[in-house]
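Peer 1: Input: one structure, supplied below.
The values are calculated or read from the model by the stated rules, or taken from the named source; none is laboratory data. Everything numeric in this text was worked out from a predicted model, so none of it was measured. Positions of Cβ are generated from backbone atoms using ideal geometry, with glycine treated the same way; all protein chains shown enter the neighbour counts. The area values use the complete protein model at the heavy-atom level, side chains included, leaving out ligands, DNA and RNA. Shrake-Rupley method; radii C 1.70, N 1.55, O 1.52, S 1.80 Å.
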Amino acid sequence: MQNAIGILFGNNGSDSLRGLTSERSIAAVPFGGRYRILDFALSSMVNSGLWTIGLITPRHYRSILDHLGAGKDWFLDRKSGGLFILPGAIHGLSGENGKFRLKDLQLNIEYLQKDLSENIIISGCNHIFNINYNEALENHRNEKADVTLIYKESTDPSAMKGKERLVISDNQDVLDILDVSETESTIAWPRKQNYFLDMLIIRRTLLLEIVDGYRSIESINLIEAIRENMRTLKIIGVPFTGYFGVINSVKDYFDRSMELLDPIICREVLMGHDRIHTKIVDNPPTKHGHQAITANSLISSGCIIEGEVRNSILSREVIIETGASISNCIIMQKCKVSSGSRLDHVILDKFVQVYPGNILKGNKNSPLVVLKGSLV
């Protein structure tokens, strides 16, 4: 892709993920055994040919920087362009919603000014998806649009919670953007509605004008600014028909993780032509003991499985001892489940050790979350 750069807002905060986001943003939460949620948005830009990408960092940025490094695993360790780490405007406020906040762009105005690319692709980092932006960018150029909003049709408002709804004409012009409160006030829609997926393409010069024009307003975000200027802008919508998973809560996180166990979804998101890139770790293959039982699970490298694992996702270097049993669980890096333990609908954050004989149980609607480094 030529003449376009990217901006990722990695500072979306959420207190609804309980302890999973107490010291990290949603973007940095481990997902699918070997990824971070951030990887899906970043990889989509890289696979679309963007070689200059700026990441606006969250309040807790250590885990993101440790994961990304210089961007080598995403082919972004380049002499020209590459990965730019951009500070967020308000690191000191816990739980700040950083969704396309203009203050973040104002703080990093040099990133927008130095590169002379015609368009900028902007995305959030709290979703699971795999998209190639080339078709959307081509439509954006052909229609000579100021802004292109990427949307998905859905009849399920609960699956698109927190998303603005777009009113779109037959020729794909965006006529109105309904804010979240207007969207979520209706329990059920009689037909498909168009939900904005927190992905857009905007002319660089227009974005600079918006950032400068709203400099005196503290809390406004980019979508609000676009909505206020709809009469003078050409805004089009481009549909996305692939898998798109929203993560706003622990239940969302658990459900999106379990959906990866569906071979169709796993193949579309992880095994397609455009792969999801992540930090490479050199581990030996997983070892399965003589009494190990595994079924319908994603198991990363470096694990030792001596017990029973069903319908679960295991990150790297997890140990499941003989006689231990886990089902419907998400086990993050370097956890140990000791002999005789039983886990069902449980999320173990990194470095958790479960002592012998313990029984931990949640349910589908409320998975049990065990905090990072806990001894249970």
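Peer 1: Examine segment 243-258 for a residue that is at pLDDT 95 or above and under 19 Å from L137 (Cβ atoms), and state whether such a residue exists.
Peer 2: Yes, the conditions are met somewhere in segment 243-258.
Peer 1: Something else: Of everything in segment 341-365, what is without any contact (Cβ under 8 Å) to a residue 24 or more places away in the chain, open to solvent by 90 Å² or more (accessible area, probe 1.4 Å) and closer than 19 Å to D252 by Cα? Give them in sequence order.
Peer 2: K361 - this is the single residue of segment 341-365 that is without any contact (Cβ under 8 Å) to a residue 24 or more places away in the chain, open to solvent by 90 Å² or more (accessible area, probe 1.4 Å) and closer than 19 Å to D252 by Cα.
Peer 1: Given the conditions (1) more than 29 Å from R141 (Cβ to Cβ); (2) open to solvent by 30 Å² or more (accessible area, probe 1.4 Å); (3) part of a helix (DSSP H, G or I); (4) of a type outside the set (A, V, I, L, M, F, W, C), which single one is not true for D212?
Peer 2: In the conditions (1) more than 29 Å from R141 (Cβ to Cβ); (2) open to solvent by 30 Å² or more (accessible area, probe 1.4 Å); (3) part of a helix (DSSP H, G or I); (4) of a type outside the set (A, V, I, L, M, F, W, C), D212 misses (1) alone.
Peer 1: Let me ask something else. Suppose we filter L137, L166 for residues that are among the aliphatic types (A, V, I, L, M), touching a residue at least 24 places away in the same chain (Cβ under 8 Å) and more than 23 Å from S43 (Cα to Cα); which single one remains?
Peer 2: L166
Peer 1: Show me the strands (runs of 3 or more DSSP E) entirely contained within segment 224-333 in which 1 or more residues are open to solvent by less than 20 Å² (accessible area, probe 1.4 Å).
Peer 2: Those strands (runs of 3 or more DSSP E) span 235-239, 244-246, 308-310, 325-327.
Peer 1: Report yes if some residue within segment 170-177 is in contact with a helix residue (DSSP H, G or I) (Cβ under 6 Å, 6 or more places away or on another chain), of a type in the set (A, V, I, L, M), at pLDDT below 95 and open to solvent by less than 40 Å² (accessible area, probe 1.4 Å); otherwise report no.
Peer 2: yes
Peer 1: Quick one: count up the residues across segment 1-49 that are crowded, with 23+ Cβ neighbours inside 10 Å and over 30 Å from V318 (Cβ atoms).
Peer 2: 6
Peer 1: Within segment 1-23, restricting attention to residues that are hydrophobic (A, V, I, L, M, F, W, C) and either over 18 Å from L38 (Cα atoms) or assigned to a helix (DSSP H, G or I) (or both), which residue is modelled with the lowest pLDDT?
Peer 2: Once the filter is applied, the top-ranked residue is M1.
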